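Notes follow the structure.
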Amino acid sequence: MKPNVWMADRISFRVQGKNVQRFLNTAVEQGIRLDHLRWETDGFTARGAGRDLSKLEDLAQKGNWTFSVFQRKGPGIPLERLLDHPGILLGGVLFFLLLGLMSRFIWTIDFGSMDVETQNRMRSLLYDCQIYEGAWVDDSKLKTAQDTVSQQSDVFGWITLNFTDGCLFIENTDAEYQNIKKEAPMQPLYAKESGEIVAVEPESGFSLVVPGQSVEKGQLLVDVVRLDRDGNEIRQGASGKIVGRVEKSYTASQPLRVQQLILTGASEIKQQLFCLGRVWSQQHENQGEQGLSQVEWLPLHLGRLNLPAMIRCETIWLQQEQTIVYSQEQAQALAFRNCRQQLYAEYPDAVIESEQRAATVEGEQAVCTVTYRFCSNIASYEDWK
Amino acid sequence: MKLQNRKTNHNRTAKASLRGMMLQLPREFYRLPDFELRGGYLTTDGCRRVLNFEPEKVCLDMGDFTVTFYGAELRIESYAGKRLVLAGQIETIAFQNKWGKPKHET
């Protein structure tokens with residue numbers, strides 16, 4: 001091994017003996033280049049290439065000259081040291097080999113400027129596509145994940161996944177909403193409920209009511225046709241709001257005893273270690289219990305070096321079915337709330353002016369009726385007659 | 001008369017120098033080794049052997065003749081093939097043919 005290493009060096013040597021000029025001439029005749037020749041008592045010193053060392057040694061041996069190398073310069077010495085410790089060399093080779101092999105594993109996920117909540121949502125989506133730190137990634141997986149995340153149009157306007165050398169870069173833009181006004185349909189607007197007209201705010205069409213006017217359920221409020229002076233029909237789609245004051249009652253009941261899932265306060269933690277495409281799960285005793293799940297993702301890293309591994313920590317807050325006994329007041333309050341929910345479900349823009357409540361307890365349940373007096377848009381395309 | 005003679009001599013000298021410039025050197029001239037001296041370095045492309053190598057005296061075999069350099073701190077900077085670079089304080093250069101008769105000394 002050593003002669004090969006010598007080849008890269010420059011050597012300084014000393015030749016001693018009788019008639020050393022002959023050594024010099026013979027060496028040069030053999031095509032050896034010598035530099036820095038210095039005369040010494042009974043010999044000379046010179047510099048030459050390491051590759052000519054064997055020739056020079058042979059020559060000196062044949063002519064009975066004393067030949068000795070006293071200096072070496074070049075990469076040979078550190079190379080020899082490296083060869084004396086093959087573990088270092090092997091370790092380096094192994095390192096680059098593993099680096100090349102493991103470049104298809106995800107070492108880190110760069111979420112860019114995403115906030116924590118969106119990051120967690122994105123992690124869940126990617127986890128469903130089997131993409132996380134420590135997972136093996138191929139093009140099909142990436143494509144599937146790309147398609148899945150692209151469907152989240154409520155969060156991302158545009159999103160792309162780029163996987164390069166172990167790092168998954170997620171680039172995205174936030175979704176922007178734009179209200180596009182639809183063309184008014186060629187349908188008249190009718191009163192959804194009987195009441196008194198408070199405001200007329202038609203955007204299109206021909207209004208047939210005025211504020212202060214009382215209307216009946218199903219009455220035509222905004223028409224799409226009008227006749228001009230000559231009796232010709234003028235058509236225009238109907239849209240807009242007709243605000244009316246309405247009185248309406250809602251009834252709801254609330255049982256005094258309810259079977260419901262209640263958080264017990266106990267929790268269970270499931271941990272899974274994902275590393276180099278493999279999964280190690282922690283064993284659990286209480287498996288299959290119901291509960292609210294909360295997932296935390298913990299990528300592993302050594303100092304500032306990310307590792308192709310991740311711990312998925314799932315905390316399950318256990319729930320148990322229990323009978324809840326409400327008092328009459330509690331049950332009535334819940335029933336009242338239910339009535340209001342019904343009102344807002346039907347009239348989301350309702351402004352309540354007054355309400356009259358009536359509550360009774362019938363058997364094991366509280367029944368409440370609330371009569372609301374409210375203002376809301378009562379125009380509807382449905383004919384309520 | 002004197003002016004006429006002087007003019008004639010001048011013409012003869014000019015013609016001779018012109019002839020000398022046009023004259024081709026002997027063929028052997030181009031086969032002879034040459035020396036190039038620059039500063040404290042002397043370079044030659046015709047060194048066949050080093051006959052003597054000491055700080056005060058370096059003798060080189062140039063084929064048909066030998067050349068000896070006398071001086072101080074003489075050393076060979078590079079020697080490969082027939083190209084040799086000599087360095088040091090060269091004081092005297094002596095040429096001698098192979099038969100021992102000195103050619104001339106500089």
Filter result (under 46 Å from the mean Cα position of the chain (by Cα), open to solvent by 50 Å² or more (accessible area, probe 1.4 Å) and not small (Gly, Ala, Ser)) within the range A:327-351: A:Gln330, A:Arg337, A:Asn338, A:Arg340, A:Gln341, A:Gln342, A:Tyr344, A:Glu346, A:Pro348, A:Asp349, A:Val351
Test result for A:Gly48, at pLDDT below 90 and in contact with a strand residue (DSSP E or B) (Cβ under 9 Å, 6 or more places away or on another chain): no
Top-ranked residue in the range A:272-304 [being assigned to a strand (DSSP E or B) and more than 20 Å from the chain's Cα centre (by Cα); ranked as modelled with the lowest pLDDT]: A:Gly291
Filter result for A:Leu37 (crowded, with 18+ Cβ neighbours inside 10 Å, assigned to a strand (DSSP E or B), at pLDDT 90 or above and within 10 Å of chain B (Cβ to nearest Cβ)): yes
A:Leu142 vs. criteria out of contact with any Asp or Glu (no Cβ under 9 Å at 6 or more places or on another chain), crowded, with 19+ Cβ neighbours inside 10 Å and within 30 Å of A:Gly100 (Cβ to Cβ): no
Some residue of the range A:51-62 being open to solvent by 50 Å² or more (accessible area, probe 1.4 Å) and under 20 Å from A:Arg278 (Cβ atoms): no
Subset of the range A:18-34 (residues that are outside any helix (DSSP H, G or I) and either open to solvent by less than 10 Å² (accessible area, probe 1.4 Å) or more than 9 Å from every other protein chain (Cβ to nearest Cβ) (or both)): A:Lys18, A:Asn19, A:Gln30, A:Ile32, A:Leu34
Residue match in the range A:201-218 (condition: in contact with a Cys (Cβ under 9 Å, 6 or more places away or on another chain) and open to solvent by 50 Å² or more (accessible area, probe 1.4 Å)): no
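Listed here are the residues, each with its yes/no results for (1) open to solvent by 70 Å² or more (accessible area, probe 1.4 Å); (2) assigned to a loop (DSSP other than H, G, I, E, B); (3) not aliphatic (A, V, I, L, M).
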| site | (1), (2), (3) |
| --- | --- |
| A:Gln71 | yes, no, yes |
| A:Leu89 | yes, no, no |
| A:Gly92 | no, no, yes |
| A:Leu98 | yes, no, no |
| A:Leu101 | yes, no, no |
Some residue of the range A:266-275 being of a type in the set (Gly, Ala, Ser) and farther than 30 Å from A:Asp110 by Cβ: yes
Check on A:Glu321, among the acidic types (Asp, Glu) and assigned to a strand (DSSP E or B): yes
Residues (under 17 Å from A:Met7 (Cβ atoms) and in contact with a strand residue (DSSP E or B) (Cβ under 7 Å, 6 or more places away or on another chain)) located in the range A:69-88: A:Val69, A:Gln71, A:Arg72, A:Lys73, A:Gly74
Unmet requirement for A:Gly48, which otherwise passes all of (1) out of contact with any Leu (no Cβ under 6 Å at 6 or more places or on another chain); (2) within 13 Å of chain B (Cβ to nearest Cβ); (3) of a type outside the set (Asp, Glu): (1)
Flag if A:Arg33 is touching a residue at least 60 places away in the same chain (Cβ under 8 Å) and charged (D, E, K, R): no
Residue within the range A:243-252 that is open to solvent by less than 90 Å² (accessible area, probe 1.4 Å), over 21 Å from A:Tyr372 (Cβ atoms) and touching a residue at least 60 places away in the same chain (Cβ under 8 Å) present: no
Residue match in the range A:123-130 (condition: open to solvent by 30 Å² or more (accessible area, probe 1.4 Å), of a type in the set (Phe, Trp, Tyr) and in a helix (DSSP H, G or I)): yes
Filter result for A:Arg10 (open to solvent by 20 Å² or more (accessible area, probe 1.4 Å) and within 14 Å of chain B (Cβ to nearest Cβ)): yes
Test: A:Arg245 is touching a Phe, Trp or Tyr at 6+ places or on another chain (Cβ under 6 Å), part of a strand (DSSP E or B) and of a type in the set (Lys, Arg): no
Filter result (more than 13 Å from every other protein chain (Cβ to nearest Cβ), open to solvent by 40 Å² or more (accessible area, probe 1.4 Å) and either farther than 21 Å from B:Gly39 by Cα or free of Cβ contacts under 8 Å to residues at least 40 places away in the same chain (or both)) within the range B:49-91: B:Asp64, B:Tyr70, B:Glu91
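The values are calculated or read from the model by the stated rules, or taken from the named source; none is laboratory data. Predicted model, so just to flag it, every value in this text is computed and none were measured. Here the Cβ is made from the backbone with ideal geometry for all residues, glycine too, and neighbour counts use every protein chain on show. All accessible areas refer to the heavy atoms of the entire protein, side chains included, with ligands and DNA or RNA removed. Shrake-Rupley method; radii C 1.70, N 1.55, O 1.52, S 1.80 Å.
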